[in-house]
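Trainee: Handing you a structure now.
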Number of protein chains: 2
Amino acid sequence: MAEVAGGGQPEAEAAELRERLRGVKHTVVVLSGKGGVGKSTFSALLAHGLAADGGRQVALLDVDICGPSIPKMMGLEGEQVHQSGSGWSPVYVEENLGVMSVGFLLSSPDDAVIWRGPKKNGLIKQFLRDVDWGEVDYLIVDTPPGTSDEHLSIVQYLSASHIDGAVIITTPQEVSLQDVRKEINFCHKVKVPIIGVVENMSGFICPKCKKESQIFPPTTGGAEKMCQNLNVSLLGKVPLDPQIGRSCDRGQSFLSEVPDSPAASSYRNIIQRVQEYCDQHRPQEEKTI
Amino acid sequence: MAEVAGGGQPEAEAAELRERLRGVKHTVVVLSGKGGVGKSTFSALLAHGLAADGGRQVALLDVDICGPSIPKMMGLEGEQVHQSGSGWSPVYVEENLGVMSVGFLLSSPDDAVIWRGPKKNGLIKQFLRDVDWGEVDYLIVDTPPGTSDEHLSIVQYLSASHIDGAVIITTPQEVSLQDVRKEINFCHKVKVPIIGVVENMSGFICPKCKKESQIFPPTTGGAEKMCQNLNVSLLGKVPLDPQIGRSCDRGQSFLSEVPDSPAASSYRNIIQRVQEYCDQHRPQEEKTI
């Protein structure tokens with residue numbers, strides 16, 4: 001485990017962060033209340049999708065310090081961070097898709113990072129201050145579930161630059177939606193705009209009989225009803241597809257492995273909507289500043 | 001949100017904790033690396049299962065401060081903690097099954113608890129020190145995913161009394177198993193015995209055609225192979241059953257709602273094994289102290 005600094009001077013730090021993130025055009029934070037709803041999968045596919053046409057530079061930052069899945073999902077397990085004159089270099093999947101995760105600092109993927117909050121916050125700060133992302137169109141931040149240290153830190157540190165908004169991932173059942181409502185309240189409190197909600201694992205089509213089952217039943221109307229009630233956009237519903245898990249375990253993009261599946265089509269629509277949101281919102285804000 | 005104290009004096013505290021937990025015979029901590037693998041569901045069913053014969057007194061403590069699902073799953077949403085002369089009273093599902101969760105301190109179930117580590121640790125300490133559990137046979141502790149503040153705190157505070165062991169919950173796919181290996185390393189480092197691993201969402205039987213599909217495919221051999229490799233017990237595999245989510249959303253015990261299902265049968269076997277582990281281990285240790 002690399003040694004990670006904790007402290008620093010707030011004002012100088014904000015200036016450093018601002019300077020470092022000056023080249024980042026759009027920042028999207030991916031949140032979920034509950035874990036295991038497909039948040040890292042979505043972050044990975046959002047990064048793949050945005051980088052797909054080769055014209056955009058995309059950065060994917062994994063701030064799930066205790067359970068980083070991004071290296072595995074991006075096919076980068078075992079990669080290490082390199083230090084250059086201008087800071088830490090991201091690990092590149094493609095020329096236009098760079099990734100940073102605590103996973104790249106571990107000597108084995110099974111190592112446990114047993115850290116309390118302040119140490120996690122220190123690493124997140126270091127990721128934002130010391131990683132040389134260069135000029136990037138989109139910085140995607142994958143977070144752990146909840147509303148605690150990592151979330152407060154990323155919002156606090158990124159306030160030196162800009163957050164376009166948050167995408168919140170859920171599954172259809174009420175125990176998951178309950179935590180999404182908490183996440184929405186968190187966004188309101190810390191003043192992060194909500195781009196919208198994605199409902200994952202929304203029905204399963206049996207590969208044998210082609211009939212659909214609700215594995216995580218939307219007993220209270222699912223994300224659709226919740227979004228209506230809370231006046232938040234529903235970006236889309238993605239059906240359960242065992243190929244998604246297989247692609248993740250292999251470190252491949254499900255979007256390019258099974259492009260014609262209903263789930264891939266749904267992900268592409270959602271990615272398109274996130275992109276449109278960013279395109280519409282950022283230029284206006286820049287004008288007013 | 002109730003006001004929660006943070007500080008205190010370590011030595012006096014340990015004595016206080018020891019005194020308070022003197023009546024607890026067995027403590028089982030439920031862990032998972034990744035979220036959303038059914039950890040809280042397992043904790044809830046373990047508590048229900050152990051309390052089922054009415055002869056045992058069971059306590060269920062939810063230390064998932066930012067995403068408490070236990071009140072909903074136990075049908076206790078909207079309940080509040082009562083203060084008595086001897087401390088905070090648990091909320092009782094049955095006479096012999098008491099529950100404590102941060103959820104009982106919130107004015108609405110949608111309230112976000114936006115707390116950094118130290119405040120979370122303070123509440124966990126308060127749960128252990130101030131809740132009047134009385135004489136209990138089993139204290140089940142449901143934790144959030146990961147290896148951070150909540151986990152370190154619960155292990156540290158419970159070291160004043162005793163932890164029988166940990167049950168680690170996973171799903172079959174490699175991204176989940178990878179986090180379980182971290183959790184196993186965590187247990188080794190903090191010297192908590194591992195009772196065993198439970199593989200949840202292990203196959204899905206289509207209710208229409210009765211054929212089985214792997215929704216979260218065990219691309220690396222699932223929990224079974226991992227347990228063999230790491231010399232850890234596999235307590236059992238539980239198939240996906242949409243009724244589990246439905247029962248959780250309704251706050252009912254799946255074990256009593258659908259007792260004849262393969263999933264309920266598997267859960268009962270696992271609960272039996274946890275109970276046997278505790279019966280075998282605790283008395284010996286008591287003799288040696």
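The values are calculated or read from the model by the stated rules, or taken from the named source; none is laboratory data. Everything numeric here is computed off the predicted structure, so don't read it as measured data. Here the Cβ is made from the backbone with ideal geometry for all residues, glycine too, and neighbour counts use every protein chain on show. Calculation scope for accessible area: heavy atoms of the full protein, side chains included, ligands and nucleic acids excluded. Shrake-Rupley method; radii C 1.70, N 1.55, O 1.52, S 1.80 Å.
Trainee: Could you please give the count of residues in the range A:33-50 that are facing another protein chain (nearest Cβ under 8 Å) and not in a helix (DSSP H, G or I)?
Mentor: 5
Trainee: Examine the range A:79-100 for a residue that is within 13 Å of another protein chain (Cβ to nearest Cβ) and open to solvent by less than 20 Å² (accessible area, probe 1.4 Å), and state whether such a residue exists.
Mentor: No.
Trainee: Now for a separate question. Residue by residue through the range B:244-255, note down the ones that are more than 9 Å from chain A (Cβ to nearest Cβ) and either part of a helix (DSSP H, G or I) or open to solvent by 60 Å² or more (accessible area, probe 1.4 Å) (or both).
Mentor: B:244, B:247, B:252, B:254, B:255
Trainee: Mind checking which residues of the range B:62-92 are without any contact (Cβ under 8 Å) to a residue 24 or more places away in the chain and either part of a strand (DSSP E or B) or on the phi > 0 side of the Ramachandran plot (or both)?
Mentor: Once the filter is applied, which keeps residues that are without any contact (Cβ under 8 Å) to a residue 24 or more places away in the chain and either part of a strand (DSSP E or B) or on the phi > 0 side of the Ramachandran plot (or both), the range B:62-92 yields B:82, B:83, B:91, B:92.
So that you can scan it fast, the table gives a plain yes or no per residue for (1) of a type in the set (Gly, Ala, Ser); (2) open to solvent by less than 10 Å² (accessible area, probe 1.4 Å); (3) under 28 Å from residue B:69 (Cβ atoms):
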residue	(1), (2), (3)
A:181	no, no, yes
A:191	no, no, yes
A:208	no, no, no
A:211	no, no, no
A:223	yes, yes, yes
A:231	no, no, yes
A:238	no, yes, yes
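Trainee: Now for a separate question. Considering the range A:11-40 alone, what residues qualify as being closer than 30 Å to residue B:169 by Cβ and open to solvent by less than 20 Å² (accessible area, probe 1.4 Å)?
Mentor: A:29, A:30, A:31, A:32, A:33, A:35, A:37, A:38, A:39, A:40
Trainee: In the range A:104-153, how many are touching a strand residue (DSSP E or B) at 6+ places or on another chain (Cβ under 7 Å), more than 9 Å from chain B (Cβ to nearest Cβ) and open to solvent by 10 Å² or more (accessible area, probe 1.4 Å)?
Mentor: Residues that pass the stated criteria total 4.
Trainee: To continue, here is another question. Starting from residues that are within 14 Å of chain A (Cβ to nearest Cβ) and among the polar types (S, T, N, Q), keep the ones in the range B:154-179 and report whichever is surrounded by the most Cβ atoms within 10 Å (Cβ to Cβ).
Mentor: Ranking the qualifying residues of the range B:154-179, first place goes to B:170.
Trainee: Which condition breaks for residue B:214 when tested against (1) over 22 Å from the mean Cα position of the chain (by Cα); (2) polar (S, T, N, Q); (3) at pLDDT 95 or above?
Mentor: (3)
Trainee: Within the range B:193-206, how many residues turn out to be facing chain A (nearest Cβ under 9 Å) and surrounded by fewer than 21 Cβ atoms within 10 Å (Cβ to Cβ)?
Mentor: Residues in the range B:193-206 being facing chain A (nearest Cβ under 9 Å) and surrounded by fewer than 21 Cβ atoms within 10 Å (Cβ to Cβ): 1 in total.
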